[in-house]
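Student: Before I ask anything, here is the structure I am working with.
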Amino acid sequence: MSVNEMSAKIRELKELEALIEEAQKEAEAIKDTIKEQMDAEGVEEMTVDVYKVRYKTISSSRFDSTAFKKKYSDLYAQFTKQTASRRFTVA
């Protein structure tokens with residue numbers, strides 16, 4: 001692939017990423033409007049047409065690895081493993 005072709009592909013990628021970001025922002029705004037309406041009505045679940053919409057509070061427990069590492073650094077080191085991955089970025 002030539003430099004010009006690569007440049008064109010990168011420009012196309014950037015345009016598509018901008019469209020995706022804009023669409024995601026619009027989708028989040030619509031979700032926020034729906035959530036506000038559900039809060040105003042005081043409901044966690046509603047059926048609208050063929051759609052079932054839920055906005056519920058979920059409780060979960062998560063492991064605090066930072067605190068564990070501070071308190072038990074030797075044990076933390078014994079149970080951690082290094083992984084490798086590749087990251088693609090265009091700046």
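The values are calculated or read from the model by the stated rules, or taken from the named source; none is laboratory data. All of these numbers come straight from a predicted model, not from anything done at the bench. Quick reminder, even Gly has a Cβ in these numbers, built from the backbone with ideal geometry, and neighbours come from all protein chains shown.
Student: For Thr57, all conditions in the list (1) part of a loop (DSSP other than H, G, I, E, B); (2) modelled with pLDDT of 95 or more hold save one; what is the number of the exception?
Tutor: (2)
Student: Of all residues in segment 74-91, how many are surrounded by 10 or more Cβ atoms within 10 Å (Cβ to Cβ) and either in a helix (DSSP H, G or I) or within 23 Å of the chain's Cα centre (by Cα) (or both)?
Tutor: Here the count works out to 2.
Student: Which residue, of Ala23, Ala40, is loosely packed, with under 10 Cβ neighbours inside 10 Å and without any contact (Cβ under 8 Å) to a residue 40 or more places away in the chain?
Tutor: Ala40
Student: Does Thr66 satisfy the condition of being of a type in the set (Ser, Thr, Tyr), out of contact with any helix residue (DSSP H, G or I) (no Cβ under 9 Å at 6 or more places or on another chain) and in a helix (DSSP H, G or I)? Let's see the steps before the verdict.
Tutor: Details: of a type in the set (Ser, Thr, Tyr): yes; out of contact with any helix residue (DSSP H, G or I) (no Cβ under 9 Å at 6 or more places or on another chain): yes; in a helix (DSSP H, G or I): yes.
It is true that Thr66 is of a type in the set (Ser, Thr, Tyr), out of contact with any helix residue (DSSP H, G or I) (no Cβ under 9 Å at 6 or more places or on another chain) and in a helix (DSSP H, G or I).
Student: Give all pairs with beta carbons closer than 9 Å in which a residue from segment 66-91 that is touching a residue at least 60 places away in the same chain (Cβ under 8 Å) meets a residue that is surrounded by 10 or more Cβ atoms within 10 Å (Cβ to Cβ); count only pairs at least 6 apart in sequence or on separate chains.
Tutor: Once the first residue is touching a residue at least 60 places away in the same chain (Cβ under 8 Å) and sits in segment 66-91, its partners that are surrounded by 10 or more Cβ atoms within 10 Å (Cβ to Cβ) give Val90/Ile10; Val90/Leu13; Val90/Lys14; Val90/Glu17.
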